[in-house]
Amino acid sequence: MVKFAGTRDVIELVNRIGMAKMFEELVAEAEADFARWPQFEKVARVASHSRDGVIELMPTSDGETYGLKFVNGHPKNTRDGLRTVTAFGLLADVATGYPTFISEMTITTALRTAATSALAAKHLARKDAKVMALIGLGAQSEFQALAFKAILGIKSLRVFDVDPAATRKFARNMADSGIAITYLPTAEEAVTGADIITTVTADKRNATILSDNMVGAGVHLNGVGGDCPGKTELHRDILLRSKIFTEFTPQTRIEGEIQQLDADHPVTELWEVISGAKPGRDSDRDITLFDSVGFAIEDFSTLRVIRRLVEQHGLGREIDLLPEEGDPKDLYGLIRAGAPNETKLSA
Ligand SMILES: NC(=O)c1ccc[n+]([C@@H]2O[C@H](COP(=O)([O-])OP(=O)(O)OC[C@H]3O[C@@H](n4cnc5c(N)ncnc54)[C@H](O)[C@@H]3O)[C@@H](O)[C@H]2O)c1
């Protein structure tokens, strides 16, 4: 039997422990895994691009546990009442190759993306950062806001979305969040005075959510929505003024904001900062950019947290994904044993 956690389990779990505790758990696990980054097998995700979106497989292993996520990204989906991003994932035992845990990862991807953003900002933003601008108020947005509140103590947000319905939804969801939210009519006004700017929009093109004049000294940029070839959010000139941090650089060169730069443009991987091998920002005047595209190790960490918490809270259920144990060489015997009679089976 394999443990399965569905969306209802994850919803129940988060409601029991609260978003702040959830983000603390996720950030602690991810921070520990980023610190042991060289132990992981790393490969750029396998992406199947189509006109309207992408389907991706994201595998990794630490030698003991293997993790894999299936995830899509289809910005046009919301026009038809479908989600931009859906996902599920699994953990497996490297020694036997047996899958041990399967989970929904649509909600969980939003949790892990926000946790990774907050982890990066914890290491890269100015220590006195107080105000965050949030551009894009879709599915990921509340998670981003709440992760930054839980991990960095951000209690003041300046927000903007081109879609009034998304803005109303955000306002409804965040009414009791304890965050002071200012709604602005343009991205330019939203970023004014912000110490951290999170862009989390969805458009399958090279968009310019932020232009160069909108980003001043000392700001930390958390670029989440630019995560596919031909899908970016920041003007190239901003990148040229920023100290850039990546997850797994070979993947980010293809998918991140830095696809706009030369292939040898210098970047630092976030794990190098977290492990203490390299510095983060050099001064309070640096512009730091976390060029987030999402990497398999973050899903691995998150799946392990979800599995542990689901177990602790008695959630999830066993599914018969694998055949019952028995003579390992007699697989066909299982079919014979389940058949009403032998004659019918071989006919
Ligand atoms: N980096 C990662 O790890 C990671 C993980 C998950 C999702 N993503 C990406 O994050 C983005 C957001 O995902 P989502 O699930 O919230 O999508 P979504 O479609 O639910 O929301 C996106 C929002 O952006 C708004 N928007 C689009 N263009 C805009 C503009 N010019 N200015 C302001 N707002 C604008 C839309 O109106 C919408 O409300 C997607 O591009 C997705 O691919 C990245």
Kindly indicate which of Asp291, Asp330, Asp320, Asp299 is open to solvent by less than 100 Å² (accessible area, probe 1.4 Å), closer than 19 Å to Thr7 by Cα and of a type in the set (Asp, Glu). Asp299
If Val94 passes every condition in (1) open to solvent by less than 10 Å² (accessible area, probe 1.4 Å); (2) more than 11 Å from the ligand (Cβ to nearest atom); (3) more than 30 Å from Gly218 (Cβ to Cβ); (4) hydrophobic (A, V, I, L, M, F, W, C) but one, which one does it miss? (1)
Can you pull out the residues in segment 122-137 that are within 16 Å of the ligand (Cβ to nearest atom) and within 21 Å of Asp161 (Cβ to Cβ)? Met132, Ala133, Leu134, Ile135, Gly136, Leu137
When Gly89 is run through (1) part of a strand (DSSP E or B); (2) away from the ligand (no atom under 14 Å from the Cβ); (3) of a type outside the set (A, V, I, L, M, F, W, C), the failure sits at (2)
Determine, yes or no, whether Asp227 is open to solvent by 30 Å² or more (accessible area, probe 1.4 Å) and either modelled with pLDDT under 95 or farther than 19 Å from Lys149 by Cβ (or both). yes
Of these, Thr186, Thr167, Thr199, Thr113, which one is open to solvent by 10 Å² or more (accessible area, probe 1.4 Å), near the ligand (Cβ under 10 Å from one of its atoms) and within 16 Å of the chain's Cα centre (by Cα)? Thr113
Ala175 meets each of (1) away from the ligand (no atom under 15 Å from the Cβ); (2) surrounded by 16 or more Cβ atoms within 10 Å (Cβ to Cβ) with one exception, condition (2)
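Rundown of residues vs (1) more than 13 Å from the ligand (Cβ to nearest atom); (2) part of a loop (DSSP other than H, G, I, E, B); (3) surrounded by 15 or more Cβ atoms within 10 Å (Cβ to Cβ), yes/no style:
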{"position": "Asn213", "(1), (2), (3)": "yes, no, no"}
{"position": "Gly218", "(1), (2), (3)": "yes, yes, yes"}
{"position": "Ile238", "(1), (2), (3)": "yes, no, yes"}
{"position": "Gln251", "(1), (2), (3)": "no, no, yes"}
Residues of segment 199-229 that turn out to be in contact with a strand residue (DSSP E or B) (Cβ under 6 Å, 6 or more places away or on another chain) and within 24 Å of Ala44 (Cβ to Cβ), as a count: 11
Is there any pair with a first residue in segment 127-148 that is on the phi < 0 side of the Ramachandran plot and a second that is surrounded by fewer than 20 Cβ atoms within 10 Å (Cβ to Cβ) and modelled with pLDDT under 95 whose Cβ atoms are under 7 Å apart and which are 6 or more apart or on different chains, and what are they? Gly138/Thr84; Ala139/Thr84
All conditions in (1) in a strand (DSSP E or B); (2) modelled with pLDDT of 95 or more are true of Trp271 except (1)
Filter segment 33-68 down to the residues that are assigned to a loop (DSSP other than H, G, I, E, B) and within 16 Å of the chain's Cα centre (by Cα), then identify the one that is surrounded by the fewest Cβ atoms within 10 Å (Cβ to Cβ). Ala44
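The values are calculated or read from the model by the stated rules, or taken from the named source; none is laboratory data. Predicted model, so just to flag it, every value in this text is computed and none were measured. Reconstructed Cβ throughout: ideal geometry from the backbone, glycine too, with neighbour counts over all protein chains shown. Only protein heavy atoms, including side chains, enter the accessible area calculation; ligands, DNA and RNA are left aside. Shrake-Rupley method; radii C 1.70, N 1.55, O 1.52, S 1.80 Å.
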